[in-house]
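The values are calculated or read from the model by the stated rules, or taken from the named source; none is laboratory data. Keep in mind it's a predicted model, so treat the numbers as computed, not measured. As a convention, Cβ positions derive from the backbone with ideal geometry for all residues, glycine included, and neighbour counts pool all protein chains shown.
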Amino acid sequence: MKTISARQTGIIIFLTIFANKILLLPSIMYQKSQADAVFVMFGIFALELFILWVFLSLKKRYPYQNLQQILKKSIGKYLSKVLIFVFLIFFLFKTILTYSVVYVYLKDLVYQDEFGFLALVCFLPVVNHAVVCGLRAMGRTFELFYYLILAGVIFCLAIAFFTEISIPVFFTANVGAMFNSAFTHLFSFGDYLVLFVFIDKISLEKKDYKKILSFAFFAIILVLMIFSIFYAKYQITSFMHNNALADLLVFSVQFNAIGRLDIVAMLTIMTLGLFQLEIFQYAFCESFVMVFDKLSIKYAIAVFDILFFVIYFILIGKYELMIQLTTQYLSYFSLLSNFIVPIIIACCLFKKKKELKE
Amino acid sequence: MKQIVEEKIENFKNQFHDSDDFASRIFICDQGTIGFVFLKSMSDPILFSQNIYLPIQNYAKTISSDNLINVILKNNVIEKIESKDIIKNILDGKVVVFSDFFNDYISVDITSYPTRTPSEPPTSPVIQGPREGFVEDFKTNMTLIRRRIHSKDLVFETMFVGQITQTKVILTYIDKVADKKVVKHIKNKISKIKINGIVDSYYILSFLEKRPNSLFKQIGNSEKPDVVVSKMLEGKVAIIVDNSPIVLTVPFILMEDMQSSNDYYTNHHYSSVVRFIRMLGLLIAIVAPGFYLALQLFHYNILPLNFLITIADTTQGLPFTPFLEILFIFLLFQILYEVSLRLPSYLGLATSVVGALILGDTGVKAGLISPPGVIITALAKIALYTVPEQQSQITVLQIIFIILGGSLGILGIVCGFIYVVNYLNTLNDFDTPYMAPYAPRIRKDLQDGLIKVPPNDMKSPPSSFAGPINKEGK
């Protein structure tokens, strides 16, 4: 089987944690919990380590089986398909959300006019092709671009850091607001779930766990740094800046006088967005194949494309509707996919462990 | 008795369709008749007379089947052959000797045909280091390799390809270093080649490639024995094809084309810098025209104001759109390139004058093309030759990226680039990742990547080739 290494897995984790939290999320989270959104993020990240723990335990116990094979033994064929179907829906909307966020960025800052179909024409064939190429090719591509992306992000952060910033005002939101913020933005998390659907395509040894964790922690630290510097830079106007990473550069007046540096953010965001789309679409297709086990991945891609076109005309480009969907309806769904399903999987794991002990 | 030998000669002559270069001689002695057949175009008639015919004439009275081999002068390779191998031996330039008083067929090597002496290949000149290059003769090429590897582990395996040409294809590798699976796989692929003729090593490329329709090169090649030998020391298998100065090497990774033989004969710090420049050159060659178009058409706000004013000034009043302008200049350069390749050398200067002065300068002055457009396209075309081995692929990619940049802007270029990289990462011929040692990252092999370490630190062959199973899965 074509597998990916621990390093490539770590990079996938890094990209999924990082990519969909650096554009829209800082601004919309500020509306609910102000600068304390950093603490909210920290809290959710800490909670999410549970998902990572479940994944690593699962991998340790079943190194060569896929999720369906693992779940089938514990909860039966149909219930396992239901759980994977939850993942399938989660990844479908995750992909749509990522498209929407990148679309908003491209429309606002890069092309400055109606751009929808152009973005679609660009992204869809590339993402479809990547899924056809498979996880191994994708993992290698991510590995190749990892340092470039990192350099781009750090460059944006450094430029923002060395321009006018002041310490953000923390501890202004009450605990209720923070919980509310955490719940409403839950859909932007659940990034470790992608690992479950291609668990059998990852080669991990016990010594690699540290590597995986280090990539996850690094991504978390970087996201928290972006949030902090973004709030430090824009303070109470943070909610107006919908493209956090790009806005860190756009309004850096001193550096703009020398030459426009937007290109760095542009290339970084486009690459990151594309990679995240690849990961989520691949996760969708893998889940699809597990649910509808008689259909190949090419059918999964075709189904995704059809669904995508349908949802595209309803959602993408409609900023308000998209926010409403993710912060109201999908939050409940995220609770199910991000926590309840992993808890069920963990229970299956413990049940199996107990049975083995007995 | 004489009749038997004459009949045999007549038979051979018929098999060669009375070809003018077919030669035969008859020598009659007391014991019987001796026949000789060979091809004048492949053998040396003087050697035949001096080393074979005259000695036999001198010992005519005592000659027998037992002492015939001893009579022929020993500076030629002599062997007894079976009747089924007679034609093959004649075609190889050997004289086949037979008689009516003994049953054996004796083949004597007097092969002689014009060959080029090894000289510096025009495609890969070096400032320091060996200047020898392969030639069209396979024997010379084998010698050039053997001279560099004094080891009993060096293996040459000859196969014949081409239903009509029966061209010699020689597989060469170092037994203890090369991966047996790769050797077996190549042998298997070569043995299955069904083609009328092989004129150059390029003919067998598509039979060896896993994806023959791919734009990208999947088999390495070189005209320099030192390069081929160093690749063989890394565990690769070389394929010599008779009548071709280009020796193929497998497996192939993209990084090979970033390396030049010069890198190994100069300071390693300098080599690292040069490799970075080559990488940058490759990148500029692929995306520069497309990127310039994207900036000009979609993202002009990114450009510094002074540069933007220059572009606006120079492109004002042009009859073409920026997209067509770049395509036009690109086409112009490509035509000039093709012309310079095929024109006789004494007309080279005239091409330069026509290209640089008349087409370039006058084109700008006439307001047909803009100076930035010419500069960017020229830069891309020149940068292409930092990695000349990738010239054909890059030219196609340039056109694709011009279209992407001109129609979709930077997003098109990013998408195109990632598409290409994703595709390259699927290439995994002979279990060797195409983008190694960077994707997947093979730490040990980074020593000869973009940053090169001194030779004393490169102690073992790279694991990208030595191990047959993909590394990242382990």
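Out of B:Tyr337, B:Tyr264, one residue alone is touching a residue at least 40 places away in the same chain (Cβ under 8 Å), under 19 Å from B:Glu389 (Cα atoms) and buried (at least 17 other Cβ atoms within 10 Å of the Cβ). It is B:Tyr264. Of all residues in segment A:168-208, those satisfying the criterion of being surrounded by fewer than 20 Cβ atoms within 10 Å (Cβ to Cβ), part of a helix (DSSP H, G or I) and not charged (D, E, K, R) are A:Val175, A:Gly176, A:Ala177, A:Met178, A:Phe179, A:Asn180, A:Phe183. Looking across segment A:1-44, just one residue is away from every other protein chain (no Cβ under 14 Å), outside any helix (DSSP H, G or I) and β-branched (Val, Ile, Thr), and that is A:Ile22. Comparison of A:Leu56, A:Leu71 shows that the only residue that is modelled with pLDDT of 90 or more and assigned to a helix (DSSP H, G or I) is A:Leu56. Set side by side, the residues B:Leu446, B:Leu384, B:Leu450 differ, and just one is in a helix (DSSP H, G or I), under 28 Å from the mean Cα position of the chain (by Cα), within 13 Å of another protein chain (Cβ to nearest Cβ) and within 18 Å of B:Gln259 (Cα to Cα), which is B:Leu446. Can B:Ile400 be described as at pLDDT 95 or above and either surrounded by fewer than 24 Cβ atoms within 10 Å (Cβ to Cβ) or not hydrophobic (A, V, I, L, M, F, W, C) (or both)? In short, yes.
The set of residues from segment A:142-167 being of a type in the set (Val, Ile, Thr) and assigned to a helix (DSSP H, G or I) comprises A:Ile149, A:Val153, A:Ile154, A:Ile159.
Apart from one condition, B:Ile402 fits all of (1) at the interface with chain A (Cβ under 10 Å from one of its Cβ atoms); (2) touching a Pro at 6+ places or on another chain (Cβ under 8 Å); the exception is (1).
The rows are residues; the columns are (1) touching a helix residue (DSSP H, G or I) at 6+ places or on another chain (Cβ under 7 Å); (2) over 30 Å from A:Cys348 (Cβ atoms); (3) surrounded by fewer than 18 Cβ atoms within 10 Å (Cβ to Cβ).
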{"site": "A:Phe55", "(1), (2), (3)": "yes, no, no"}
{"site": "A:Leu58", "(1), (2), (3)": "yes, no, no"}
{"site": "A:Gln68", "(1), (2), (3)": "yes, no, no"}
{"site": "A:Lys73", "(1), (2), (3)": "no, no, yes"}
{"site": "A:Lys77", "(1), (2), (3)": "no, no, yes"}
{"site": "A:Ile84", "(1), (2), (3)": "yes, no, no"}
{"site": "A:Leu92", "(1), (2), (3)": "yes, no, no"}
{"site": "A:Val101", "(1), (2), (3)": "no, yes, no"}
{"site": "A:Val104", "(1), (2), (3)": "yes, yes, no"}
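Which residue, of A:Phe280, A:Phe339, A:Phe333, is buried (at least 23 other Cβ atoms within 10 Å of the Cβ), in a helix (DSSP H, G or I) and modelled with pLDDT of 85 or more? On inspection, the qualifying residue turns out to be A:Phe280. Only a single criterion out of (1) touching a residue at least 12 places away in the same chain (Cβ under 8 Å); (2) part of a helix (DSSP H, G or I); (3) more than 14 Å from every other protein chain (Cβ to nearest Cβ) is not satisfied by A:Phe215, namely (3). Inclusion of A:Phe155 among residues that are surrounded by 21 or more Cβ atoms within 10 Å (Cβ to Cβ) and either away from every other protein chain (no Cβ under 14 Å) or among the charged types (D, E, K, R) (or both) is not warranted. Filtered by the rule that a residue be within 14 Å of chain B (Cβ to nearest Cβ) and not in a helix (DSSP H, G or I), segment A:74-132 gives A:Tyr111, A:Gln112, A:Asp113, A:Glu114, A:Phe115. For segment B:113-153, the set of residues classified as touching a helix residue (DSSP H, G or I) at 6+ places or on another chain (Cβ under 8 Å) and either at positive phi or of a type in the set (A, V, I, L, M) (or both) consists of B:Val126, B:Ile127, B:Gly129, B:Val135, B:Leu144, B:Ile145, B:Ile149, listed by residue number. Give me the residue from segment B:412-425 that is closer than 22 Å to B:Thr377 by Cβ and of a type in the set (A, V, I, L, M) and, out of that set, nearest to the other protein chains (Cβ to nearest Cβ). In this case the residue turns out to be B:Val414. Annotation note: of A:Val250, A:Val264, the sole residue that is more than 9 Å from chain B (Cβ to nearest Cβ) and at pLDDT below 85 is A:Val250. Counting only helices (runs of 4 or more DSSP H) wholly contained in segment B:270-359, the ones carrying 2 or more residues that are away from chain A (no Cβ under 14 Å), under 14 Å from B:Gly405 (Cα atoms) and not acidic (Asp, Glu) occupy B:322-342. Taking segment B:145-191 as the range and being free of Cβ contacts under 8 Å to residues at least 60 places away in the same chain, surrounded by 13 or more Cβ atoms within 10 Å (Cβ to Cβ) and hydroxyl-bearing (Ser, Thr, Tyr) as the test, the residues that pass are B:Thr158, B:Thr165.
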